[in-house]
Amino acid sequence: MEQRHLGRTGLRVSRIGLGTLTWGHTQESDAADLLKVFWEAGGSLVDTADVYGDGEAEYLLGRLIERLVPRRDLVIATKAGSVPDPDRRFDGSRGHLLSALDASLARLGTEYVDLWQLHAFDPSTPLDETLQALDIAVSSGRARYAGISNFSGWQLAKAATWQLAAPGTRTRLASTQMEYSLLQRGVERELLPAARDLGVGLLPSSPLGRGVLTGKYRHSTPADSRGGSEHLAPFVAPYLDDTASRIVDAVATAADGLAATPLQVALAWVRDRPGVTAPIVGARNAQQLTAALSVETLSLPDEICQALDDVSAPVHRYPDQDWSTL
């Protein structure tokens, strides 16, 4: 698998990442199959978080490292900052973040993570305090690189600029993880232009539109799908409207013309967007992951990309990007 630099750093990662959001509810044998298939395909970036499965995803990944895949072959990324508190969803305080990192390292059974990410912006904590936790993590050797997740455009710009301009030894932001797909192009309004300007690589989550872009929901809702489960149906529902249906139909048409699958077309589109480093793909089993990894051999023709751009174009109005052209 092709490797790409993460943002404006020396860290190289596979251009498709493996997500572990559901590993808290995954059998160890199934997780082992996923990790082995990913590694054997040349994948290196494995993304997790301290709250995935209440820590079980990290613990499971830690049990598989070395026993199944050499630690040196993986770029392990985890997150901290989300808390199970209905009154405060995110805690970006220095104390909480560094304690959370130590707990993650213990569960992962490793001395360091390659990429440590703030899970979300915490408006209750001064940003410079939150960012100082990243500096301490890197300077202490507990993290090699630092990134953010779920920051808005202005929040990303403020954080990245602070790290570049503030006095002292600061850790530049390597990445931002955000939802991005043909069904969700909101990051293109302000966040992606800011990230590209500041040298921050984008790691798209839900690159298949929460599974909708695979075409599985075109005619019905499969009983064994996310949309068919009581717990996850609300997660999928926003992408089952008429607008999404037109985009999915366009993806299916493009796939037919390329002798490919809708999954391959949708994933190739987001993988090769300007500013994107590596989409994070979640898979329920090895068969699904193999299907996603098969996109490595596919590059979309320019005319196909343009047609998909047109059918899924987000609305840009003042003051998005260059207002003088709107």
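The values are calculated or read from the model by the stated rules, or taken from the named source; none is laboratory data. Please read these numbers as outputs of a predicted model, since none were measured by experiment. Here the Cβ is made from the backbone with ideal geometry for all residues, glycine too, and neighbour counts use every protein chain on show. These area figures cover heavy atoms from the full protein model, side chains too; ligands, DNA and RNA do not enter into them. Shrake-Rupley method; radii C 1.70, N 1.55, O 1.52, S 1.80 Å.
Summary of computed values
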quantity: Compactness of segment 141-224 - radius of gyration and Dmax, Cα, Å; calculated: 16.5, 57
quantity: Segment 203-309 - charge dipole about Cα centre, Lys and Arg +1 at Cβ, Asp and Glu -1, debye rounded to 20; calculated: 320
quantity: Sites excluded, GluC sites (Glu not before Pro) in DSSP loops with at most 10 other C-beta within 10 Å, longest stretch of the chain; calculated: 112-229
quantity: Accessible surface, per residue, of segment 73-126 when the full set of protein chains is kept, probe 1.4 Å, Å²; calculated: 41
quantity: Net dipole in debye of the chain [+1 Lys, Arg Cβ; -1 Asp, Glu Cβ; about Cα centre; nearest 20]; calculated: 540
quantity: Charge dipole magnitude, Cβ of K and R +1, D and E -1 - segment 20-62, Cα centre, debye nearest 20; calculated: 140
quantity: Loop-resident sites, segment 182-269, for trypsin sites (Lys or Arg not before Pro), counting at most 14 other Cβ within 10 Å (DSSP); calculated: ARG218
quantity: Contour minus Cα-Cα distance for SER299 and ALA286 (0.36 nm per residue); calculated: 2.4 nm
quantity: Three semi-axes of the equivalent ellipsoid, segment 5-100, Cα gyration tensor, whole Å, largest first; calculated: 25, 18, 11
quantity: Of all DSSP beta bridges in the chain, antiparallel share, percent nearest 5; calculated: 15
quantity: Candidate residues LYS158, LYS79: accessible-area rank, largest first, probe 1.4 Å; calculated: LYS158, LYS79
quantity: Theoretical ellipticity at 222 nm over the chain - DSSP helices of four or more residues, -39500 (n - 2.57) apiece, nearest 500; calculated: -11000 deg cm²/dmol
quantity: Gain in span if fully extended, GLN27 to TRP154, counting 0.36 nm per residue against the direct Cα distance; calculated: 41.7 nm
quantity: Sequence-distant residues sharing a close amide H with ILE148 (under 5 Å, placed H); calculated: LEU118, SER175, THR176, GLN177
